[in-house]
Amino acid sequence: MNSPASLEIVSPGAYASVQDIGRRGFRRIGVPWAGVLDPRLMRIANALVGNPGTAPVIECFDGGLQVLARGAAVRVAVAGDAVLEIEHDGERKPLPAWRSVTLADGDILRIRRMGSGRIAALALEGLALPQVLGSASTYARAALGGVDGRALAAGVCVPAQPASGAERILPEPPEVDERPIRVVFGPQADHFSAETFDTFLGSDYRVTAEADRMGVRLEGPVLGHLGPAEIISDATVPGSIQVPGKGQPIVLLADAQTAGGYPKIATVIGSDIPRLAACRPGQTLRFAAVSAAEGERIARETEAETLALLAAIRPFVAEGVDLTALYSANLVGGVVNARSPEYRPLTAGDD
Amino acid sequence: MCVLDAGDAAFTVEFGDAIDPDLLAAVNALDVGIARLQAEGGLPGVIETMPTFRSLTVFFDPLQTGREILLEALRPLFAASGHSGGDNGRLWQLPVCYEGIFAPDLAETARSLGVSEDEVVALHSGSEYLVYMLGFLPGFPFMGDLPKALRLPRRPEPRLRVPPGSVAIATGLTAIYPWKSPGGWHLLGRCPVTLFDAGRESPSLLAAGDHVRFVPVSMAEYERIERSLKSGDIEPQHWLTRRGAEQAEVSR
């Protein structure tokens, strides 16, 4: 693709990488899925810029990501509870997340900080990168995907398409969910006593500084083993909770090794992995147990919620009157929510 | 055989609690059976399977299928999985340099085992190993079984950086590190052949069920091989000496 438009990474912040839905089919040869830690953020960000839902996005942690439009106007959107700022001709303006925006050549978009959580997904209209083993996701350990197999660094440019069509907005972003992280016991449930399960479910666990795309190390009451603290290595899955000899649990995430020799007390359900991955170091969390069948039901419920969010996305009307929308609306029966973000002036968005 | 829960999107079928070629045969038989059912379109929603020493993990999409539906569909395979999936039959004879900086733990290993360094090399290169599984890192082969005289636990302190190509032993097994990574195994030598290349049709050189022999080479020979591989004069397939009929199926 010979595109004149591109997006330059001015700063990757804490850690930014290109991710899509991930790499499937290669766990048998030791290749983890990688992919976004929060698929819902990826799907919303992509929908906001008009990309297919599983197109690659830039996933970033905490604040600090800064990108610069080059060559032409480009369309970007950030999904996640991010506090954003646009710099145009040296002038800085706040911008709410959960909407797409057109960056003119030379404009900078910054994630100043995160409100809640620590993960945001930035979509770029027309971002196209080569697939490696079926995915553009970055897996840096084996130099797969992304840009040259590495996390994004300052100065890297990714290709875009010039902005087209309408800007879009998600009127009501998902609410922050502070329920316990739900888990299914096992696969090595027989390596732990009933008392250990009580401790596991009844205590606060604190996220340590070692929390990244591979996994999250937790600190809390010791989880003792009934027998030795090792097993013959078997498969891990995203969400596996390993308990090494010291009894402090480690939750494995997208980039984790595909096999491990520590007993796994439980597995975080897919619906709750994004919330766990978004916990900041120092934050505490609790676990709650569900059955595998209940986990499957929650997966369907989560998908229905995601589809409802995607269906709510609509064109963003910046100023003036959108006559098409006006004439197509039922003005008699319709109720306008004047507190929706699209009715707020752009400059009032900074919290 | 038992079925273990691994969350809402996977389960593990476990055949036993040992590292044993017979268990691996049962794992492979189930794996091949699932691949057949999938090819016939009989298992919608199954994403992939992961065979290990003694178990097979099935990954599925809970929006398309479910644990109970899959267990029902797999029941006929469980009944048949006591039978061997057949020997894959591929044999690799991989060069290893057991000298100098390539063998940082050779002297200590020999001391701990009470044998000479030459004996360690002779023992390690004198056996044929079965690739039980790949995992931990892309292309990392867990191979066994080591001769009894070479059995050692892991190093008490893992190294932060093991160089790629390192040939190592621990807990009755041997392996080659395809990538720079932390690691707690004892490093006996270095293999110049690239174990993983995403550009190859089969990115991992080795597949579960393959057999491997190590052939000692000098430092000079190691460097010659490395150059020939880099220039493309030799392909990694050069070291494949026996090809199995079921290879395509098992290493799909």
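Please compute the Cα-Cα pair-distance distribution of chain B with 5 Å bins starting at 0, giving whole percents from short to long.
1, 6, 13, 17, 17, 15, 12, 9, 6, 3, 2, 0
Rank A:A82, A:L152, A:A235 by how far each Cα sits towards the positive end of the charge dipole of the protein assembly as shown (+1 on Lys, Arg Cβ; -1 on Asp, Glu Cβ) and give me just the farthest.
Farthest towards the positive end: A:L152.
Quickly rank A:305-316, B:136-147, A:212-223 as a protection proxy: mean count of other C-beta atoms within 10 Å, highest first.
Values: A:305-316: 14.5, B:136-147: 22.5, A:212-223: 19.1.
Ranking the peptides A:305-316, B:136-147, A:212-223 by packing returns B:136-147, A:212-223, A:305-316.
Between B and A, buried accessible area summed over both sides at probe 1.4 Å, in Å² to the nearest 100? Can you show the working numbers first?
Details: alone 12180 and 16360 Å², together 25180 Å².
Counting both chains, the buried surface is close to 3400 Å².
Within a 10 angstrom radius of each residue's Cβ in A:31-37, how many Cβ atoms of other chains show up on average? Whole number is fine. Don't jump to the answer; show the numbers that get you there.
Numbers: counts 9, 3, 3, 0, 0, 0, 0.
That average works out to 2.
Roughly how many percent of the accessible protein surface of segment A:245-287 is carbon and sulfur, given a 1.4 Å probe and a whole-percent answer? Please report the intermediate quantities before stating the final value.
Numbers: 620 of 1180 Å².
C and S fraction of accessible area: 52 percent.
Quick one: which of A:164-175, A:83-94 comes out on top by average Cβ neighbours within 10 Å, and what's the full order, highest first? It would help to have the intermediate numbers written out before the result.
Values: A:164-175: 15.9, A:83-94: 14.0.
In decreasing order of mean packing, A:164-175, A:83-94 become A:164-175, A:83-94.
If you count, for every residue in B:18-25, the Cβ atoms of partner chains within 10 Å of its Cβ, what is the mean? Could you put the intermediate results ahead of the total?
Details: counts 1, 2, 1, 0, 0, 1, 0, 0.
Averaged over the peptide's residues, the number is 1.
Can you tell me the dipole magnitude for chain B around its Cα centre, using point charges on the Cβ only (Lys, Arg +1; Asp, Glu -1), in Debye to the nearest 20? Walk me through the numbers on the way to the answer.
Values: 22 positive and 32 negative charges, 101 e Å.
Here the size comes out at about 480 debye.
Could you derive backbone 3J(HN,Hα) for segment A:17-31 from the dihedral phi with the Karplus parameters 6.51, -1.76 and 1.60 (θ = phi - 60°), listing whole Hz in sequence and x where the residue is Gly or Pro?
Whole-Hz 3J(HN,Hα) from phi for segment A:17-31: 8, 6, 9, 10, 6, x, 9, 10, x, 10, 4, 4, 10, x, 9.
Could you pull out every one of the aspartates and glutamates with an alpha carbon less than 16 Å from that of B:K230, ignoring same-chain neighbours closer than 8 positions?
In chain and number order, the partners are B:D197, B:E221.
Which whole-percent values make up P(r) of the protein assembly as shown when all C-alpha to C-alpha distances are grouped in 20 Å steps starting at zero?
19, 48, 28, 5, 0
Work out, in µm²/s and without decimals, the Stokes-Einstein translational diffusion coefficient of chain A at 10 °C, 1.306 mPa s, Rh from Kirkwood over C-alpha pairs.
Numbers: Rh = 21.4 Å.
The estimated diffusion coefficient comes to 74 µm²/s.
May I ask you to derive the FRET efficiency for A:E210 and B:D233 from their Cβ-Cβ distance with R0 = 60 Å, giving the value to the nearest 0.05?
Details: r = 44 Å, r/R0 = 0.73.
Efficiency for this residue pair is about 0.85.
Return the long-range amide H neighbours of A:G30 (sequence gap of 5 or more, or a different chain), with a cut-off of under 5 Å between placed amide H atoms.
B:G139
For the Cα atoms of chain B, what angle does the longest principal axis make with the long axis of helix B:67-80, in degrees from 0 to 90, nearest 10?
Once rounded, one gets 70 degrees.
Ordered by residue, what ³J(HN,Hα) values in Hz, to whole numbers, does segment A:136-142 give under the Karplus form 6.51 cos²θ - 1.76 cosθ + 1.60, where θ = phi - 60° and Gly and Pro are x?
Calculated HN-Hα couplings, in order: 8, 4, 7, 10, 5, 4, 10 Hz.
Pairs of alpha-carbon atoms within less than 8 angstrom and 6+ residues apart define the contacts here; what relative contact order does chain B have, in percent? Don't skip to the end; give the middle numbers.
Working: 509 pairs, mean separation 53.2, N = 252.
Computed over chain B, the figure is 21 percent.
Return the residues of segment B:178-217 for which accessible area with all protein chains present is lower than in the chain on its own by 30 Å² or more; set the probe to 1.4 Å and exclude ligands, DNA and RNA.
B:W179, B:F196, B:A198, B:P203
Heavy atoms only, probe 1.4 Å: what % of the accessible area of segment A:6-169 goes to carbon and sulfur, would you let me know? Don't jump to the answer; show the numbers that get you there.
Numbers: 2570 of 5180 Å².
C and S atoms contribute 50 percent here.
Quick check: pseudo-label points 7 Å beyond the Cα along Cα→Cβ at A:D105 and A:D198, how many nm apart are they?
It works out to 7.0 nm between the two label points.
For helix B:21-39, report the angle its Cα long axis makes with the longest principal axis of the Cα atoms of chain B; keep it between 0 and 90° and round to the nearest 10°.
Between helix and principal axis, roughly 50 degrees.
Determine the order of B:W239, B:W92, B:W179 by accessible area, beginning with the largest, at a probe radius of 1.4 Å. Mind showing how you got there, number by number?
Numbers: B:W239 25, B:W92 0, B:W179 45 Å².
So the residues, ranked largest to smallest area, are B:W179, B:W239, B:W92.
Kirkwood hydrodynamic radius (Cα pairs, Å) of segment A:6-169?
On the way: mean 1/r = 0.0650 Å⁻¹.
Radius from the Kirkwood sum: 15.4 Å.
Can you compute the FRET efficiency between B:V115 and A:C157 using 1/(1 + (r/R0)^6), with r the Cβ-Cβ distance and R0 = 41 Å? Round to the nearest 0.05.
Values: r = 57 Å, r/R0 = 1.39.
That gives a FRET efficiency of 0.10.
Need one value for B:48-57: mean number of C-beta atoms belonging to other chains within 10 Å of its residues' C-beta atoms.
Values: counts 6, 4, 11, 4, 8, 5, 4, 5, 3, 9.
That average works out to 6.
Take segment A:181-302, compute every pairwise Cα distance, and split them into 10 Å bins from 0; I just need the percent in each bin.
Histogram of Cα-Cα distances, whole percents per bin: 14, 50, 33, 3.
Quick check on packing: order B:68-77, A:123-132, A:230-239 by the mean number of other C-beta atoms within 10 Å, highest mean leading. Let's see the in-between values first.
On the way: B:68-77: 14.5, A:123-132: 20.4, A:230-239: 24.3.
Result, highest mean first: A:230-239, A:123-132, B:68-77.
For chain B, with all protein chains present and a 1.4 Å probe, just round the carbon and sulfur fraction of the accessible area to a whole percent. Numbers along the way, then the final one.
Details: 5460 of 10520 Å².
Ligands and nucleic acids excluded, carbon and sulfur give 52 percent.
Expected output is a single nm value to one decimal: the length gained when fully extending between A:Q283 and A:R112, i.e. 0.36 nm times separation in residues minus the C-alpha distance. What is it? Show your work: numbers first, answer last.
On the way: separation 171, 0.36 × 171 = 61.56 nm, distance 2.05 nm.
Contour length minus the Cα-Cα distance gives 59.5 nm.
To the nearest 10 degrees, how steep is helix A:39-49 against the longest Cα principal axis of chain A, on a 0 to 90 scale?
Helix A:39-49 and the main axis of chain A meet at about 10 degrees.
Residues in segment A:265-288 near a label at A:R297, defined as backbone nitrogen under 17 Å from the 7 Å Cα→Cβ point?
The answer is A:269-272, A:288, whose backbone nitrogens lie closer than 17 Å to the label point.
In segment A:122-164, which residues become less accessible by 30 Å² or more once every protein chain is in place, relative to the chain on its own, using a 1.4 Å probe?
A:L133, A:R141, A:A142
Under 5 Å between amide H atoms, partner at least 5 residues away or on a different chain: which partners does B:F60 have, H built in plane at 1.01 Å?
Under 5 Å from the amide H of B:F60 lie the amide H atoms of B:A10, B:I47, each far enough along the sequence or on another chain.
Rounding to the nearest 20 debye, state how big the charge dipole of the protein assembly as shown is about its Cα centre with +1 on each Lys and Arg Cβ and -1 on each Asp and Glu Cβ. Please report the intermediate quantities before stating the final value.
Numbers: 55 positive and 72 negative charges, 105 e Å.
My answer is approximately 500 debye.
In square angstrom, what is the accessible area per residue of chain A with a 1.4 angstrom probe? Please list the in-between numbers first.
On the way: 14660 Å² over 351 residues.
On a per-residue basis, 42 Å².
For chain B, what is the accessible area per residue in Å² when the probe is 1.4 Å?
Per-residue accessible area for chain B comes out at 42 Å².
Would you mind getting me the FRET efficiency between A:A143 and B:E108? Use the beta-carbon distance for r and R0 = 35 Å, nearest 0.05. Kindly include the intermediate steps, with their values, before the conclusion.
Details: r = 32 Å, r/R0 = 0.91.
Once rounded, the FRET efficiency stands at 0.65.
The values are calculated or read from the model by the stated rules, or taken from the named source; none is laboratory data. All values derive from a computational prediction rather than experimental measurement. No Cβ is skipped: glycine too gets one built from the backbone with ideal geometry, and neighbour counts run over all protein chains shown. Note: areas computed on protein heavy atoms with side chains; ligands, DNA, RNA excluded. Shrake-Rupley method; radii C 1.70, N 1.55, O 1.52, S 1.80 Å.
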